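One structure is given here, and the rest of the page talks about it.
The values are calculated or read from the model by the stated rules, or taken from the named source; none is laboratory data. Predicted model, so just to flag it, every value in this text is computed and none were measured. We place every Cβ from the backbone using ideal geometry, glycine too, and count neighbours over all the protein chains shown. Heavy atoms of the whole protein, side chains included, go into the accessibility calculation; ligands, DNA and RNA do not. Shrake-Rupley method; radii C 1.70, N 1.55, O 1.52, S 1.80 Å.
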Amino acid sequence: MHKLFAHWRQFAVYVSGGLLCALVDIGIMQALIRHGVHYASATTAGFAAGLLINYAFHSRVTFAANASPASFMRYLCIVGVNYLLTLACVAVFEQLAGSPLAGKLLSLPLVAMNGYVLGKYWIFK
């Protein structure tokens, strides 16, 4: 039972860190769009800012692992996959509904689950 609680606690920390990064990510994306930046470039800028904060938070806080070049490279592999997923969601919702934000919000749970599982068992192992 204690081990199960520890996993749920770790997942809650992961989600909290993810929410912080999502706020930074979406805030930058929306601010840039409002200033006339194309949605793809704005999405990229927000994603990059969230990426750096996310790696630092999860290596230090969520998984209590030492940051290393190897773990950062593994992290970047997953970021690449998550980036393509995010950009696809944003582009689809931009075309279908004129709402890049809706696509961004849809991508968040998909990216979060992928990141947590691979973070726990591959990136920060």
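Mind listing the phi-derived Karplus ³J(HN,Hα) values for segment 42-48, rounded to whole Hz, using 6.51, -1.76 and 1.60 with θ = phi - 60°, and x for any glycine or proline?
5, 4, 5, 5, x, 4, 5
Tell me, what % of the accessible area of segment 1-97 is carbon and sulfur with a 1.4 angstrom probe?
72 percent
Hey, what's the chain come to in accessible area per residue, 1.4 Å probe, Å²?
58 Å²
Relative contact order, percent, of the chain when contacts are C-alpha pairs under 8 Å separated by at least 6 residues?
24 percent
What Kirkwood radius, in Å to one decimal, follows from the Cα pairs of segment 61-125?
Evaluated on segment 61-125, it is 12.7 Å.
Mind listing the phi-derived Karplus ³J(HN,Hα) values for segment 94-108, rounded to whole Hz, using 6.51, -1.76 and 1.60 with θ = phi - 60°, and x for any glycine or proline?
5, 6, 7, 10, x, 9, x, 5, 4, x, 4, 5, 5, 6, 4
Net charge near Val13, counting Lys/Arg +1 and Asp/Glu -1 over other residues with Cβ under 12 Å of its Cβ?
+3
Any idea of Met113's accessible area? Nearest 10 Å², probe 1.4 Å.
That residue has around 100 Å² of solvent-accessible surface.
Rg and Dmax of the chain, Cα atoms, in Å?
Taking only Cα atoms of the chain, I get Rg and Dmax of 15.0, 52 Å.
Whole-Hz Karplus ³J(HN,Hα) for segment 113-125, in order, using 6.51 cos²θ - 1.76 cosθ + 1.60 and θ = phi - 60°, x for Gly and Pro?
With the stated coefficients, segment 113-125 comes to 5, 4, x, 5, 4, 6, x, 5, 9, 9, 5, 10, 5 Hz.
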